[in-house]
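A short write-up of the structure that comes next.
What follows is calculated from the coordinates using simple rules that are stated; it is not laboratory data. Only a predicted model underlies this, so the values are computations on that prediction, with no experimental measurement involved. When we count neighbours, we look across all protein chains shown, and the Cβ atoms used for this are built from the backbone with ideal geometry, even at glycine.
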Amino acid sequence: MSKKVKRGVPVSLVLLLSFLAMCLCLFFSGYRFYKNKYTGSESEENKLNIVNLNPDSLECKIAKHFISDAEWEELTRIDPVLFSDTDVSLVEAEEEEPPLDLNGDGVEIQHVYGDTYEGYMMVVKDPSQVFVAINPDMGSGRAAPELETYVELNKAIGGINGGGFEDAGGVGNGSIPAGITILNGKLISGGAPQPIVGFTKDHKLITTTTTGQGALDMGVVEAVTFGPTFITDGKLTYVPGTDNLNMVNPRTAIGQQKDGTMLLLVIDGRGPSSFGAQYEDVIEIFRDYDAVMAGNLDGGNSSVMMYDGTYVHYPVSMYNSRNLPSVILVRGKK
């Protein structure tokens with residue numbers, strides 16, 4: 001008596017079809033994303049911003065697929081001095097034209113890009129405008145606010161995400177911060193040695209590894225935890241190969257120039273026009289900006305920047321900002 005043989009679709013064919021379906025999904029998702037970006041409700045502002053893109057950049061080439069030749073010709077007639085767009089890696093210092101402070105608030109948004117990334121640097125001339133805000137319900141178990149809520153609650157003009165948080169399974173709600181948190185000169189959480197980003201009472205940025213009490217002893221009045229630190233007192237402190245998280249990713253970081261100017265950086269990632277940056281890329285950017293202090297903040301899905309009521313970039317999270325335990329905000333000029 002012969003046995004019936006069950007026949008089905010070969011596993012290899014199933015895997016191949018699944019892969020092709022995933023590729024098609026990614027393609028159409030990317031197409032819808034960029035179509036909305038350059039032809040959607042906010043497209044006019046975006047069209048103005050792309051005028052100063054490097055013509056050889058992937059972002060510029062993508063944009064041209066969604067803008068007619070006539071529109072592109074019209075856009076290229078716009079005076080580029082009206083917009084902030086600095087390529088710190090390609091433009092010689094003597095050729096750079098500082099972007100205008102369009103809102104008169106001492107803040108400039110500058111475009112930065114490299115081989116694998118594009119991002120934005122928020123340059124704040126007056127360091128007293130930069131401060132830390134934390135989840136008002138920290139440790140309660142309730143979800144932390146998103147960046148836009150922090151901005152609204154603190155009447156800020158902009159900001160970026162701050163320190164890390166407990167994020168089991170990638171669904172953390174920002175309630176429990178990781179490491180050291182200091183606010184108003186008081187240790188809110190943590191205590192064991194951690195890499196911190198902190199501010200002293202006289203608005204100096206501190207990027208180092210220390211204990212909670214050690215930070216307080218150094219005069220730190222506000223701090224959040226993440227790492228690694230990149231530059232301390234003008235010296236490179238990051239040691240390549242010592243961190244297993246150093247891969248191409250969205251990034252958030254902060255630095256300070258010798259004259260006190262604060263540098264808030266966000267790098268886009270995990271997208272068609274910006275894969276992300278490694279730590280060495282971030283360090284190079286801060287060196288180009290003559291930073292004497294620089295430290296890494298929470299990246300990945302948490303990376304986010306807002307200014308003047310809108311997102312400066314397109315965050316990885318489809319819902320814009322995640323729930324964040326801490327942020328670094330910029331207040332308006334007094």
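The table below lists the values:
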read-out	value
Spin-label proximity, ASN320 to segment 288-304 - amide N less than 18 Å from point 7 Å beyond Cα toward beta carbon	301-304
Residues with amide H under 5 Å from that of PHE230, placed H, sequence gap 5 or more	ALA294, GLY295, ASN296
Segment THR211-GLU148, extension gain: residue separation times 0.36 nm, minus the distance between their alpha carbons	19.6 nm
Computed FRET value (nearest 0.05) for ASN103 with PHE19, which takes r as the C-beta separation and R₀ as 45 Å	0.40
Scaled radius of gyration (Cα, divided by 2.2 N^0.38 Å) that segment 220-334 gives	1.06
Gained length - LYS201 relative to ASP137, 0.36 nm times residue gap less alpha-carbon distance	20.6 nm
Inter-site label distance for ASP233 and ALA192 at 7 Å from Cα along Cβ, in nm	2.7 nm
Within segment 245-334, chymotrypsin sites (Phe, Trp or Tyr not before Pro) in DSSP loop having at most 10 other beta-carbon neighbours inside 10 Å	TYR319
